[in-house]
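See structure below.
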Amino acid sequence: MQKNLAILGTGKMGRTLALGLNRVHAPFKFFLYNPTSEKAEKLADEIQGTAVTALDQLAYIDVILIACRPQQFNQLAFELRPVLKGDELIVSIMAAIPTETLAQKLGVSKIVRMMPNTPNKIGLGVNLFYFSPTVSLPERTHLLNSFALFSSVFTLEKEDYLDICTAFTGCGPALVFEWARLMMEIMIRQGINPNDAHKMVAKTFLGASTLLMSEGKSPLELRQEVASKGGVTVEALKVFSDSKMEQIIEKATHQAYLRGKELQENL
Ligand SMILES: NC(=O)c1ccc[n+]([C@@H]2O[C@H](COP(=O)([O-])OP(=O)(O)OC[C@H]3O[C@@H](n4cnc5c(N)ncnc54)[C@H](OP(=O)(O)O)[C@@H]3O)[C@@H](O)[C@H]2O)c1
């Protein structure tokens, strides 16, 4: 059944998810709102949706996807709360803001927290979901099925798991891109043509992650297939180990988690 979906905030991620949902057999009719109204109007043209210039123009909406930044939420909640009937399903993709705060600031109880990532742009996104207990099974199923049409969906049992995983899947692409950037720069410094370096690194990441998905082997097993004893790869891996690579990744992801908690406190 087609439901009415309002997307509030048509920036990078709101737009990406709208385009993803629209790419498949659209399970939603779209209503789009953004303070800079041109962004909502452009997207509405692309997906045959309706752009609205004020929140009180939203009527008969089943699902509201909040896609502004956490720091913009207080203003949005102030404007949205008087417009809500109370039975809408609220889906928030904002990092860090817990269901309890969303429910309290909006005066509604059916809350879903979702954590997308940028590969949704190409149909390879990871979308995490946490449902508050008041969200019914049919509502959960409709939402999960809709997003599963163009991405990989995961339901998390505890809300804190969503905050933990955010650092790995939501932030994850940026960590991978940073690693790719450093590899490319080092290659370029040593004389490799920049275009070649870009393609070699991108294809290496693509090939390695495809192997990880398709071979049914653990990263350790796949690593061992590359790093034969006495060879060149083991020397590189030894530097990772001596430099405490695991601790660096743990510290980086934990720092992202802590920033989420800090944003929560400052709301
Ligand atoms: N980017 C990612 O990779 C990623 C991944 C996972 C989750 N997220 C989450 O997605 C959310 C959006 O991130 P983003 O990267 O898409 O940011 P963004 O490009 O800055 O988009 C935010 C949008 O929200 C709009 N906005 C501002 N105030 C608003 C209000 N009161 N009501 C409705 N819309 C409002 C902004 O409009 P104006 O331009 O007119 O100010 C802007 O278009 C964040 O909460 C973030 O935590 C992002």
>> How much length would be gained if the chain were fully extended between Thr50 and Lys121, taking 0.36 nm per residue of separation minus their Cα-Cα distance, in nm to one decimal?
In response: 23.4 nm
>> Run the simple label-point estimate for Glu79 and Met200 please: 7 Å along Cα→C-beta, distance reported in nm.
In response: 5.0
>> At 7 Å along Cα-to-Cβ for each site, give me the label-to-label distance between Met213 and Leu182 in nm.
In response: 2.5
> So how far apart, in nm, are the two label points at Ala227 and Ile164 if each is 7 Å from Cα heading toward Cβ?
Replying inline: 2.5
>> Considering all projection directions equally, how large on average is the shadow of the alpha-carbon convex hull of the chain, in square nanometres?
In response: 16.7
> Relative to the present Cα-Cα distance, how much length would full extension add between Glu250 and Leu19 at 0.36 nm per residue of separation?
Replying inline: 79.8 nm
> At 37 °C and 0.692 mPa s, what whole-number value in µm²/s does Stokes-Einstein give for the translational diffusion of the range 85-178, with Rh from the Kirkwood sum over Cα pairs?
Replying inline: 240
> What is the magnitude of the charge dipole of the chain about its Cα centre, with +1 placed on the Cβ of each Lys and Arg, -1 on the Cβ of each Asp and Glu, and no other charges, expressed in debye to the nearest 20?
Replying inline: 340
>> Below 8 Å between Cα atoms, with a sequence gap of 6+, how large is the relative contact order for the range 3-159 in percent?
In response: 21
>> Which trypsin sites (Lys or Arg not before Pro) in the range 204-267 sit in a loop by DSSP (not H, G, I, E or B) and have at most 16 other Cβ atoms within 10 Å of their own Cβ?
In response: Lys217, Lys229, Lys244
> In µm²/s, what is D for the range 3-159 at 10 °C and 1.306 mPa s, where D = kT/(6 pi eta Rh) by Stokes-Einstein and Rh is the Kirkwood radius from Cα pairs?
Replying inline: 103
> Taking a quarter of the surface of the Cα convex hull of the range 15-94, what do you get in nm²?
Replying inline: 5.2
> What FRET efficiency comes out for the pair Gln72/Thr155, r = Cβ-Cβ distance, R0 = 25 Å, nearest 0.05?
Replying inline: 0.40
>> Rounded to the nearest 10 Å², what accessible area does Glu185 have for a 1.4 Å probe in the complete protein model?
In response: 80
>> Quick check: Cα centre of the range 49-65 to Cα centre of the range 188-229, how many Å?
In response: 45
>> So, R0 is 51 Å and r is the distance between the beta-carbons of Lys42 and Gln190; what FRET efficiency does that work out to, to 0.05?
In response: 0.75
>> Heavy atoms of the protein only, probe of 1.4 Å, neighbouring chains included. What is the accessible area of Tyr161 in Å², nearest 10?
In response: 100
> With all protein chains present and a 1.4 Å probe, how do Asp242, Asp196 order by accessible area, largest first?
Replying inline: Asp242, Asp196
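The values are calculated or read from the model by the stated rules, or taken from the named source; none is laboratory data. Please read these numbers as outputs of a predicted model, since none were measured by experiment. With ideal geometry, Cβ positions are generated from the backbone for all residues, glycine too; neighbour counts draw on all protein chains shown. Please note that ligands, DNA and RNA were not included when accessible areas were found on the heavy atoms of the full protein model with its side chains. Shrake-Rupley method; radii C 1.70, N 1.55, O 1.52, S 1.80 Å.
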